[in-house]
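Remarks on the structure that follows.
The values are calculated or read from the model by the stated rules, or taken from the named source; none is laboratory data. Quick caveat: nothing in here was measured; it's all calculated off a predicted structure. We place every Cβ from the backbone using ideal geometry, glycine too, and count neighbours over all the protein chains shown.
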């Protein structure tokens with residue numbers, strides 16, 4: 001969850017709440033594919049803000065106008081954002097994986113969607129489907145590169161070893 005206060009071009013102050021989600025296995029699998037296993041030894045916070053961590057799928061993205069910059073107003077917005085997070089956690093509790101897959105399928109495109117979708121396919125051992133996804137992609141690399149090899153090349157190699 002990312003909370004921010006912004007002042008767009010029209011000088012209206014807004015409180016912005018963004019909640020993204022991803023399966024916990026996604027980054028560890030990405031690091032295996034990209035030959036970056038040492039990242040698994042780093043603090044858990046690396047999954048949220050690391051340079052070689054996947055962004056989550058956007059679930060909540062709201063912008064609300066702030067009337068003032070008073071602490072009481074800010075507290076109200078933060079409490080509302082925390083309630084949204086709590087409600088989301090209660091909604092998916094006990095059904096996290098199925099909920100995530102259903103929500104992810106609804107989205108056509110979001111930041112790093114190719115990489116996250118490939119990790120979902122690899123986790124599900126759908127190697128042929130992952131290789132087909134790479135070959136049908138509009139992108140050339142998948143957005144990640146390590147040791148001179150990009151994500152798509154590494155996904156193909158990873159799949160071929162398992163088929």
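Quick notes on this one:
- Given (1) under 26 Å from residue 142 (Cβ atoms); (2) in contact (Cβ under 8 Å) with a residue 12 or more places away in the chain; (3) assigned to a loop (DSSP other than H, G, I, E, B), index of the condition residue 101 fails: (3)
- Here the condition is being surrounded by 14 or more Cβ atoms within 10 Å (Cβ to Cβ), out of contact with any strand residue (DSSP E or B) (no Cβ under 8 Å at 6 or more places or on another chain) and at pLDDT below 90; of 46, 29, it holds for 46 alone.
- Of the criteria (1) closer than 19 Å to residue 36 by Cα; (2) under 21 Å from the mean Cα position of the chain (by Cα); (3) loosely packed, with under 15 Cβ neighbours inside 10 Å; (4) modelled with pLDDT of 95 or more, which one residue 150 fails: (3)
- Members of region 69-93 found to be at pLDDT 95 or above and not in a helix (DSSP H, G or I), listed by number: 93
- Scanning region 119-131 for residues that are under 22 Å from the mean Cα position of the chain (by Cα) and either in a helix (DSSP H, G or I) or surrounded by 14 or more Cβ atoms within 10 Å (Cβ to Cβ) (or both) yields 119, 120, 121, 122, 123, 126, 127, 129, 130, 131.
- Out of 72, 38, 68, 4, sole residue that is under 30 Å from residue 157 (Cβ atoms) and surrounded by fewer than 16 Cβ atoms within 10 Å (Cβ to Cβ): 38
- Qualifying residue in region 53-63 (condition: exposed (fewer than 14 other Cβ atoms within 10 Å of the Cβ), assigned to a loop (DSSP other than H, G, I, E, B) and modelled with pLDDT under 95): no
- Scan of region 104-113 for residues that are within 13 Å of residue 20 (Cβ to Cβ) and in a helix (DSSP H, G or I), ordered by number: 104, 113
- Filter result for the condition that a residue is surrounded by fewer than 16 Cβ atoms within 10 Å (Cβ to Cβ), in contact with a strand residue (DSSP E or B) (Cβ under 8 Å, 6 or more places away or on another chain), closer than 30 Å to residue 160 by Cβ and in contact (Cβ under 8 Å) with a residue 40 or more places away in the chain, over 116, 107: 107
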